[in-house]
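Take a look at the structure below.
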Amino acid sequence: MIETFTALFFAHVIADFVLQTAWINAQKRRAPVMLLHGALVLVCAQAATGQWASPWLLALAAAHVVIDALKIWGGFHHFRGFMVDQAAHVATLAIISFYAPHLWATGLWTALPVLLPLMVLTSGLLVTLITGQYAIALLMRPHGYRIRNNGLREGGRQIGLLERGVIFALILLGQPIGVGFLIGAKSILRFGTATRDQRTAEYVIIGTLASFGWAILTAEATRRALSILPPLEIVPLLP
């Protein structure tokens, strides 16, 4: 079951956060665009599991379209709506994995177990960087209108990507103490800006804690997932 869930989750991340362009996201109210997104979900699930004619994957793609449609037509375009939407997608993946655990074992890639930890690592990194960027932007949107941004264009976005990427690497490398140094370094660098007014200080603190918390939780989930899958052996061990 865990193997199938790993492959399906990887496919979900690719379909929802890599292949879903800004245009698709903006135009999903139109039925053809929503169906295009559903087709991408199906193709990604087929490619990840190595199954090309499974009705379970058709059901997965159909469920994905229904969940997205409910989100769009319900007007759930805030942080809580995003989190509920993603929780519903992950629950769907878990249900499919429970009732069709054979999808990975009978797929084309079953002889390549090394793909599973690679999928976990890739999924974890994408969720840390891309999903985290989107989620934190939604979280901070209500406060952003009250803050004057005089910094570099896209500077905050790039800082967020870098800090979450560093945290992800530190935790997977078994160096979580480095996260503390990263927090200290950012606090020092942001001190001058944050002390000029309370709004900016609170905005920086909320955004930083959200970004760090997202990266830590995702990295820890990735580490635990890797612990229950076949080890990643890129180079054969010496005798």
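Yes or no: the stretch 160-172 includes at least one residue that is at pLDDT 80 or above, charged (D, E, K, R), over 14 Å from the mean Cα position of the chain (by Cα) and surrounded by 15 or more Cβ atoms within 10 Å (Cβ to Cβ).
yes
Just for the stretch 1-54: of the residues that are loosely packed, with under 15 Cβ neighbours inside 10 Å and among the charged types (D, E, K, R), which one is nearest to the chain's Cα centre (by Cα)?
If we take residues in the stretch 1-54 being loosely packed, with under 15 Cβ neighbours inside 10 Å and among the charged types (D, E, K, R), then Arg29 is nearest to the chain's Cα centre (by Cα).
Return yes or no: is Ser227 loosely packed, with under 13 Cβ neighbours inside 10 Å and either out of contact with any Asp or Glu (no Cβ under 6 Å at 6 or more places or on another chain) or at pLDDT 85 or above (or both)?
Answer is yes for this residue.
The values are calculated or read from the model by the stated rules, or taken from the named source; none is laboratory data. Predicted model, so just to flag it, every value in this text is computed and none were measured. Don't worry about glycine lacking a Cβ; one is built from the backbone with ideal geometry, like all the others, and counts go over all protein chains shown.
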